[in-house]
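This report concerns only the one structure given below.
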Amino acid sequence: MYLDPKGTRVTHELERGDIAQVQWNAHAAKSLGVRPDNLMGRIFADLRPEPLMLNAAQAAREAGVRVGVLSNSVGLTPWNLYDGYDLDERFDAVLISEHHRIRKPDPEIFRLMLDMMELPGEACVFVDDNRHYLPPAADLGMETIFAEDPKQTVSQLEALLDVTLLGAVCGGDRRGG
């Protein structure tokens, strides 16, 4: 979808909540030559959060670090990416782009997240697996981490936050995890 300008536009509209997932499904299905019913759900059927990152977030919270989720939405119906993960209980703040009609990398979404976290940018670390989303966070004073490998990401977080996460989540030392 990102190879086609119209596909990119439609995906950004979905992330902002300007169109519903069923509309995205119909557009993508036509583009791909497949059936549209629950296409997003079928595409991401095997997608699961990285357990190491969830455990690191829990360990950080237990160490007194405020932890939030900032996610570009893929729509919430008929398939909800976030179902079953109890985000509101696991994190101090949860910002899903379509609820605010704005998407990463717009700087305003990062400002909104800082407001929700009740923290200045200089007190935050932003982690993302998309390099294009890091500069707006850095411009607001946040440290940034490009997430390529979960263990490496957790190690970088430990260094920036000065807390032990990897040992706590892996049940071992930093070498053996």
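Some points to look at:
- Computed E for R9/I43 - FRET, C-beta separation, R0 22 angstrom, nearest 0.05: 0.75
- Of all the options L47, L161, L14, the one that moves most in a Gaussian network model of the chain with Cα springs shorter than 10 angstrom is L47.
- Helix 107-117 axis, angle to the chain major axis (alpha carbon atoms, nearest 10°): 50 degrees
- Fully extending the segment from E50 to R90, taken as 0.36 nm per residue of separation minus the present Cα-Cα distance, adds 13.0 nm.
- Contour minus Cα-Cα distance for E108 and D149 (0.36 nm per residue): 12.0 nm
- The relative contact order of the chain, computed from alpha carbon pairs under 8 Å that lie at least 6 residues apart in sequence, is 20 percent.
- Label point 7 Å beyond Cα of E118 along Cβ direction - residues of segment 76-98 with amide nitrogen under 16 Å: 91-94
- Shape descriptor for segment 1-120: Rg over Rh equals 1.02 (Cα atoms; Rh from the Kirkwood inverse mean 1/r).
- Summarising the label geometry, the points placed 7 Å from Cα in the beta-carbon direction at L161 and Y2 lie 2.6 nm from one another.
- Shape of segment 100-151 from the C-alpha gyration tensor: oblate (a/c of 1.5 or more and a/b not above b/c, with a ≥ b ≥ c the square roots of its eigenvalues).
- Rounded percent of accessible protein surface that carbon and sulfur make up, segment 32-177, 1.4 Å probe: 48 percent
- Within the listed set T11, T144, T77, the Gaussian network model of the chain (springs between alpha-carbon atoms below 10 Å) gives the highest mean-square fluctuation for T77.
- The helix-only estimate of mean residue ellipticity at 222 nm for the chain, built from DSSP H runs of length n ≥ 4 each weighted as -39500 (n - 2.57), is -13000 deg cm²/dmol after division by the residue total.
- ³J(HN,Hα), Karplus 6.51/-1.76/1.60, whole Hz, each residue of segment 13-21, x for Gly, Pro: 4, 4, 4, 7, x, 6, 10, 8, 4
The values are calculated or read from the model by the stated rules, or taken from the named source; none is laboratory data. All values reported here derive from a predicted model rather than from experimental measurement. All Cβ positions, even for glycine, are placed from backbone atoms using ideal geometry, and neighbour counts span all protein chains on display. Only protein heavy atoms, including side chains, enter the accessible area calculation; ligands, DNA and RNA are left aside. Shrake-Rupley method; radii C 1.70, N 1.55, O 1.52, S 1.80 Å.
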